Amino acid sequence: MKFAVFASGTGTNLQVIIDAVKRNEITAELALIFSNNRKSLALKRAEEAGIKTLCLEPKDYLAPQSYDRDIVIYLKEHEIDFVVLAGYMKLLTPFFVKEFPNKIINIHPSLLPSFKGISGIKDAYTYGAKVTGVTIHFVDDKMDHGEIIMQESLKIKENETLESLTERIHALEHKMYPKAIQLFVENRLKIQGRKVLVLDKPAKTV
Ligand code: GAR
């Protein structure tokens, strides 16, 4: 199985995924890192790891669908089986999602469906939530909406700063994401309505 990681920024989750693949904790080939941001640290990490990269900038395109169409063409050419979003701060078009049905996974730094969007950690913190966490989910064509694969919570302490909360959320993400990706690789995630069942053995394919 071959997969691509999409990242727009710092790429700490990407780094954890790269390391997990190296240690064989994710038993799929990380064949491509895609970014919409030429300056992202994620691209540097990919290059350092010797992984193929692709960067397309939305400003060079008139319509979001033609942008996604070019990415899909590239992914198909490179026989990518599934896509992992790791801080990819751009909404995928319905066209893209249809090309990879139930084959796109995202991580989000809050307990969905609360605090969707690009600043989940800060939004939960400033709202005064007592509990927040991390959600890993399948991607559909609505933002931060697909079926939930894994979710873990953490308490926001009385004296917590936004910085300390951000650090703790990232540490939780780094612990969870490789495990969720490996469950997908082992074909142990079965979608039933809104629920994702985690199977002891791989699901049978028809
Ligand atoms: C992560 O916290 C991830 O959950 C979040 O962006 C950060 C990327 O960090 N994603 C979203 O908010 C998606 N809505 P990283 O670049 O260091 O992995």
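Given the pairs 22/122; 98/179; 22/116; 59/179, which span a C-alpha to C-alpha distance of over 28 angstrom in this model? Too far apart for the 28 Å limit: 22/122; 22/116; 59/179. Placing a label point 7 Å from the Cα of residue 175 along the Cα-to-Cβ direction, the residues of the range 128-168 with a backbone N closer than 12 Å are 134, 152-155, 168. In this label model, residue 145 and residue 19 are separated by 3.5 nm, measuring between points 7 Å along each Cα→Cβ vector. Applying a DSSP loop filter and a limit of 12 other Cβ atoms within 10 Å to the trypsin sites (Lys or Arg not before Pro) in the range 97-206 leaves 130, 142, 157, 194, 204.
The antiparallel fraction among DSSP beta bridges confined to the range 1-120 stands at about 0%.
Please find, in a Gaussian network model of the chain (springs between Cα atoms separated by less than 10 Å), the residue of 19, 144, 70 whose mean-square fluctuation is greatest. Among 19, 144, 70, the largest mean-square fluctuation in the Gaussian network model of the chain belongs to 70. Comparing 171, 42, 63 in a Gaussian network model of the chain, where Cα atoms under 10 Å apart are tied by springs, the biggest mean-square fluctuation is seen for 63.
Under the simplified labelling scheme, the residue 152-residue 186 pair shows an inter-label distance of 1.6 nm, with each label point 7 Å from Cα along Cα→Cβ. Among 84, 196, 139, the residue with the largest mean-square fluctuation in a Gaussian network model of the chain, with springs joining Cα atoms closer than 10 Å, is 196.
Once you have a ≥ b ≥ c as the square roots of the Cα gyration tensor eigenvalues for the chain, tell me rounded if a/c is under 1.5, and otherwise prolate or oblate according to whether a/b is larger than b/c. Cα axes put the chain in the rounded bin.
Once backbone amide H atoms are built at 1.01 Å from N, residue 111 has 133 as its partners under 5 Å, excluding neighbours fewer than 5 places away on the same chain. Here residue 155 is the anchor, and the aspartates and glutamates within straight C-alpha reach of less than 18 Å, apart from those fewer than 8 places off in the same chain, are 123, 163, 167, 173. Beta-bridge orientation, the chain: approximately 50 percent antiparallel, per DSSP, counting only bridges with both partners inside.
If the segment from residue 102 to residue 29 were pulled out straight at 0.36 nm per residue, it would be longer than the present Cα-Cα gap by 24.4 nm. In this simple spin-label approximation, residue 160 and residue 56 carry label points 7 Å from Cα along the Cα→Cβ vector, and these lie 3.8 nm apart. Close amide-amide hydrogen proximity is noted between residue 6 and 34, 84, 85, 86, each under 5 Å apart and 5 or more residues distant or on a separate chain (H modeled in the peptide plane; Pro and chain starts excluded).
Averaged over its residues, the range 12-141 has an accessible area of 50 Å² per residue, based on protein heavy atoms and a 1.4 Å probe.
The values are calculated or read from the model by the stated rules, or taken from the named source; none is laboratory data. Quick caveat, the model's predicted, so the values are computed rather than measured. As a convention, Cβ positions derive from the backbone with ideal geometry for all residues, glycine included, and neighbour counts pool all protein chains shown. Just so you know, the surface numbers come from the protein's heavy atoms only, side chains and all, with ligands and any DNA or RNA stripped out. Shrake-Rupley method; radii C 1.70, N 1.55, O 1.52, S 1.80 Å.
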